Amino acid sequence: MSGNEHLERLATHELEIGATDAVQRHVTRKVVEPKPVSQRKLDFEHRRPRWLREMMAEATGVFFYVYPGIASTAAFFLNGTEPQFGSLFQIGWAYAIGIAFAIITCASTSGGHFNPAITLCFAYWQGFPWKKVPYYIFAQVFGAFVAGLVLMGQYHEQISVFTAESIAAGKGTVYNGGPASILCTFPGETQNNLGYLFLIEWFVDSFIGIVIWASLDPANPFVSPYSAPFVIGLAYANMVWGFADISISTNLARDLGTRIVAAIWFGGEAFSYKNYSWIAILVNVPATFFATAYYEFLMRDSLKKIGHGHAVHEEGEEGLARHLTKTGKMEMENGTTSTLRKGESHV
């Protein structure tokens with residue numbers, strides 16, 4: 001029997017093959033078999049409040065997203081922007097991979113919103129319960145807040161030295177490239193036009209919003225559930241690479257949570273500097289709603305979603321049949337349609 005035949009039969013679990021037997025024994029030696037689940041564990045997990053699990057997942061996900069991003073920013077700024085300690089390219093990747101890890105780790109529990117604007121859009125467009133919106137948003141802001149606290153503790157000595165040097169140089173602590181900007185965004189010295197900063201934030205957040213909504217569209221054949229975390233992460237990184245030198249926020253929770261930490265350490269100027277904070281905190285919500293509305297009205301193909309089995313007509317098969325008859329898209333077959341079953345679009 002050839003080597004290829006051995007490999008093909010290996011997947012069939014036919015244990016009379018010597019090679020298969022050896023591999024099976026190797027796996028059991030190297031991999032710890034899961035122990036039986038106890039009734040005590042099942043009872044404990046059953047008693048956990050669902051709302052608490054969801055809040056902790058959202059907070060943990062935002063932490064996983066913000067923490068590596070601000071840590072990369074800290075390493076970059078605290079070392080005088082020397083290239084061996086990082087760059088804007090590295091910071092973009094830190095956020096991208098952090099977002100991917102956040103979705104992979106926590107989305108199965110809470111849905112993986114990690115952004116108040118996305119939570120509000122899910123509630124408006126997708127039927128996410130409005131009663132959950134406030135505690136999702138609180139958890140998201142809290143996750144960013146904790147990320148900021150942890151970073152300030154870990155980099156306390158270096159940030160203290162950087163702060164003293166910045167004050168001695170007459171620059172203060174709150175400015176773009178200063179100690180406070182490790183945590184949140186501030187405009188550059190020459191960026192004084194708030195309308196300009198508003199438009200930049202609007203377009204950046206709209207870009208990200210459309211990519212997120214397209215990635216979460218189950219009828220989109222180009223993004224699988226396995227690749228979506230990385231696609232969404234790269235959308236954020238793409239904007240960091242393009243606009244970090246101009247000042248962008250991209251996420252209400254990410255900015256507000258860390259800005260509160262900045263205010264605790266560096267004073268209220270973290271919110272008042274150039275009157276910019278309202279742009280960083282608030283623009284994300286209407287911009288993301290605009291992006292999702294753009295996708296829903298101009299790009300969504302709900303019939304394709306139904307055809308792929310990811311949704312149903314609100315009036316069932318009869319309602320779907322009426323729609324198809326009215327639009328003349330399909331020939332009828334026992335109250336359903338043959339071509340719809342193939343998942344074809346009505347476009």
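The values are calculated or read from the model by the stated rules, or taken from the named source; none is laboratory data. The structure presented is a predicted model; accordingly, all values stated were derived computationally and were not measured. Note: ideal-geometry Cβ built from the backbone for every residue, glycine included; neighbour counts use all protein chains shown.
A few notes on this one:
- Residue check for residue 257: under 18 Å from the mean Cα position of the chain (by Cα) and over 13 Å from residue 205 (Cα atoms): yes
- Checking 116, 134, 187, 179 one by one, the residue that is within 25 Å of residue 277 (Cβ to Cβ) and under 18 Å from the mean Cα position of the chain (by Cα) is 116 and no other.
- Some residue of segment 280-297 being buried (at least 22 other Cβ atoms within 10 Å of the Cβ), small (Gly, Ala, Ser) and within 19 Å of residue 70 (Cβ to Cβ): yes
- One residue stands out among those in segment 61-71 that are among the small types (Gly, Ala, Ser) and crowded, with 23+ Cβ neighbours inside 10 Å: the one that is farthest from residue 179 (Cα to Cα), which is 61.
- For segment 113-146, the tally of residues that are free of Cβ contacts under 8 Å to residues at least 60 places away in the same chain and not polar (S, T, N, Q) stands at 10.
- Filter result for residue 245 (buried (at least 19 other Cβ atoms within 10 Å of the Cβ) and among the charged types (D, E, K, R)): no
- Condition check for residue 89: within 23 Å of residue 211 (Cβ to Cβ), modelled with pLDDT under 95 and exposed (fewer than 15 other Cβ atoms within 10 Å of the Cβ): yes
- The number of residues in segment 122-166 that are of a type in the set (D, E, K, R) and surrounded by 17 or more Cβ atoms within 10 Å (Cβ to Cβ) comes to 1.
- Extreme residue, surrounded by the most Cβ atoms within 10 Å (Cβ to Cβ), among residues of segment 96-121 that are under 14 Å from residue 143 (Cβ atoms) and among the hydroxyl-bearing types (Ser, Thr, Tyr): 119
- Unique match (being among the polar types (S, T, N, Q) and in contact with a Phe, Trp or Tyr (Cβ under 6 Å, 6 or more places away or on another chain)) among 277, 227: 277
- Applying a threshold of 8 Å to beta carbon distances and a minimum spacing of six or more residues, or different chains, the list of pairs starting in segment 149-160 at a residue that is under 17 Å from residue 260 (Cα atoms) and ending at one that is in a loop (DSSP other than H, G, I, E, B) reads 151/183; 152/183.
- Failed criterion for residue 171 (all others in (1) without any contact (Cβ under 8 Å) to a residue 40 or more places away in the chain; (2) in contact with a Pro (Cβ under 8 Å, 6 or more places away or on another chain) hold): (2)
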